[in-house]
1. Read through the list (1) charged (D, E, K, R); (2) surrounded by 15 or more Cβ atoms within 10 Å (Cβ to Cβ); (3) touching an Asp or Glu at 6+ places or on another chain (Cβ under 7 Å), then give the number of the only condition that Glu89 fails.
2. If we only count strands (runs of 3 or more DSSP E) wholly inside segment 45-119, which ones have 3 or more residues that are on the phi < 0 side of the Ramachandran plot and among the aliphatic types (A, V, I, L, M)?
3. Counting just the residues of segment 33-47 that are farther than 16 Å from Arg117 by Cβ and in contact with a Ser or Thr (Cβ under 7 Å, 6 or more places away or on another chain), which one comes out modelled with the highest pLDDT?
4. On the basis of being outside any helix (DSSP H, G or I), modelled with pLDDT under 90, of a type outside the set (D, E, K, R) and farther than 30 Å from Asp40 by Cβ, does Asn145 make the cut?
5. How many residues, within segment 61-86, are surrounded by 16 or more Cβ atoms within 10 Å (Cβ to Cβ), under 14 Å from the mean Cα position of the chain (by Cα) and not basic (Lys, Arg)?
6. Determine which single condition Asn63 fails, assuming it passes every other condition in (1) without any contact (Cβ under 8 Å) to a residue 24 or more places away in the chain; (2) out of contact with any helix residue (DSSP H, G or I) (no Cβ under 7 Å at 6 or more places or on another chain); (3) farther than 26 Å from Pro139 by Cα.
Amino acid sequence: MSISRRDFMSLVGTSVAGATAVAAAVRYAGAPSATSSQPDLRSWHIAEVGAVDRGAVPFTLENRTTGERLRVEACRSGSRRNPVASGGEFDLFLHNNGSGSSATQREHQLVARSLARRLDRTAAPEAVLTMDARLDKHPELFDTNDDPVLA
C-alpha cells in the first residue's frame, strides 16, 4: 500500500500533544508528581515530515517553548534493534548522532511514545524498511555520523 505525504500528514496531524494524557498516565503509573520537573509535552509539535530517506520516514519534532529540535526516524516494525518507541507498523529511533550507548532523556522518550501513538493506525509506505533491513541495505549508516545537526 502506498500513501502520499499529504495523506500521511493528515493521518498523523501536526501536533504530538495528545501528550496531556501521556503526562497523566505517567503520573498515574507512579512517576514524579506534577510539582516536580515533569516535562510539559504539550509544547512539542511536528515541525516537519520528510520523504522516505534510506528506508525511514524522518520526523523533526520541535519544542515551541525551548526551540529544541529532535529528529525521529520511523522504520517498519519488526527489527531486532531496540526502538525508543513503537506504534502500529512503525519502530521509532531517535537520530541524535549518538552511538546508542547513552541513555535517552526521559522527555525525548515520552515525546517519541506520543508520536508512536499517533502512528498506530497509519500504514507504513512500501519504501519504509525495518531498521535491520535498512542497515543491511545502507551500510554507510554505520560508518558516518555526519548528517546535519539540527539546531
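The values are calculated or read from the model by the stated rules, or taken from the named source; none is laboratory data. Worth saying up front: this structure is predicted, and the values here are computed from it rather than measured. Cβ: placed from backbone, ideal geometry, glycine included. Neighbour counts: every protein chain shown.
1. Unmet condition: (3).
2. On the way: elements: 57-63, 69-76, 85-87, 90-94.
Fully inside segment 45-119 and qualifying: 69-76.
3. Here the answer is Ala47.
4. Working: outside any helix (DSSP H, G or I): yes; modelled with pLDDT under 90: yes; of a type outside the set (D, E, K, R): yes; farther than 30 Å from Asp40 by Cβ: yes.
Judged against the criteria, Asn145 is a match.
5. Matching residues across segment 61-86 total 13.
6. (2)
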